[in-house]
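The values are calculated or read from the model by the stated rules, or taken from the named source; none is laboratory data. Note that the structure is predicted; figures quoted are calculated from it, not measured. As a convention, Cβ positions derive from the backbone with ideal geometry for all residues, glycine included, and neighbour counts pool all protein chains shown. Only protein heavy atoms, including side chains, enter the accessible area calculation; ligands, DNA and RNA are left aside. Shrake-Rupley method; radii C 1.70, N 1.55, O 1.52, S 1.80 Å.
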Amino acid sequence: MNKEFINSLFLRTKKQFIERSDSPYFLILEVDQGKLNYYKINELNLIQDRDTDLYVSFLYDNLKLNECLKRLNKPRIYIMSSNVEIIDYANQFFLDDPRFKELNEVYCGLLKHRPYVTLSFGMSLDGKIATRTGDSKYISGQKSRTFVHQLRNSHDAILVGINTVMIDHPLLTTRLKGQSKDPIKVVLDSDLKIDLNEPILSQLNHTKTIIFTSKSVDFDKVRKITEKGHEVISLDTDNKPLDLKRVLQILKEKGIHSMLVEGGSTIHFSFIESGLFDRLFSTISPIIIGGMTAKSAVEGVGFETLKESCKLDFNKVIKRGSDYIIKATPRKEGDI
Ligand SMILES: NC(=O)C1=CN([C@@H]2O[C@H](COP(=O)(O)OP(=O)(O)OC[C@H]3O[C@@H](n4cnc5c(N)ncnc54)[C@H](OP(=O)(O)O)[C@@H]3O)[C@@H](O)[C@H]2O)C=CC1
Ligand SMILES: Nc1c(N[C@@H]2O[C@H](COP(=O)(O)O)[C@@H](O)[C@H]2O)[nH]c(=O)[nH]c1=O
């Protein structure tokens, strides 16, 4: 794909994207051998890039998208939008259509130099994500956990911090009825503390795990991990915490376009503080955990003043079983 071409398109339309509340999306089709089969180009005013096999169209409604996709034969599809609802819709559409499931070459996301980042956590009514002893499985009820597995299914990767791995020993797989896809697992672990017997490093796991570390780590351990089929990426510094921008950039270069961040509290704060997320799902369950030392959903050092705090918009409240899932997105500058 010609990134420069796409970037220039994005820049040209940025103003329009931001100003319209029903922001349009554009569809980029990379088509087999330059042929658009069974498809009337004029219908969507497709623009063709001279140097590549890319066709671009600006779309305003989902119906047209359905029509267009049904007629195409083996396209690679990139749907870009500044509107997360559209991304959700498009993800849903492709997941429901077996033809596109097979293609597995669909990218729905924002045009950025990093993956599209979704934060998700399950907390008690009093904002705790674990008890003081670290017991956390599970705070969320069965139905909201299914929702989280749907999120896992629709993201390319899932990221957690090393403490979560060491305390929870998670699987981080997608467990849904019927066909589903496991995300690539990503762990931030500066000192490579991860135990080789962790479930996410077991060979029974289908997708690989990428561990980000700092420069000085035990190379023998790195070898053992890579022999199991996983990857260790050492950032060229011993600075702590690991540089999230760099981590995200590397993941994007590896073809990871969307990433779910599932904790814990320290990781959440890092993403929030640096503004490196696009949406957040907070699942609230009707239980109270209490305890000064029990982890809250977001910790780290926290913001000093309310002025500095992270402002969000509530977009949606979803009821799943006895839980409420709140979807929120970062408030854009200038919003009230
Ligand atoms: N209910 C829920 O939804 C969830 C609950 N949890 C709970 O959260 C708890 C763990 O949370 P917590 O202790 O905060 O630990 P985290 O899982 O957030 O891991 C934090 C560690 O990650 C490493 N790290 C590396 N780079 C970064 C970075 N840029 N930003 C932040 N951390 C980085 C650091 O260790 P180092 O310096 O060694 O690299 C840091 O101490 C567990 O009890 C778990 O059960 C976790 C997830 C979800
Ligand atoms: N406990 C908890 C969550 N925990 C997250 O899920 C991970 C466990 O995944 P798995 O081993 O695949 O089931 C755990 O390490 C943490 O990242 N998430 C939620 O939505 N709600 C919950 O109540």
> What nm value, rounded to one decimal, do you get for the distance between Glu273 and Thr293 when each label is placed 7 Å out toward the C-beta?
Replying inline: 2.3 nm
>> Is the C-alpha gyration tensor of the range 242-336 telling us rounded, prolate or oblate? Criteria: a/c under 1.5 is rounded; beyond that, a/b larger than b/c is prolate, otherwise oblate.
In response: rounded
>> Need one value: the accessible area of Ile267 in square angstrom, 1.4 angstrom probe, rounded to the nearest 10.
In response: 20 Å²
>> Tell me whether the range 138-188 comes out rounded, prolate or oblate; compute the Cα gyration tensor, take square roots of the eigenvalues as a ≥ b ≥ c, and use a/c under 1.5 as the rounded threshold.
In response: oblate
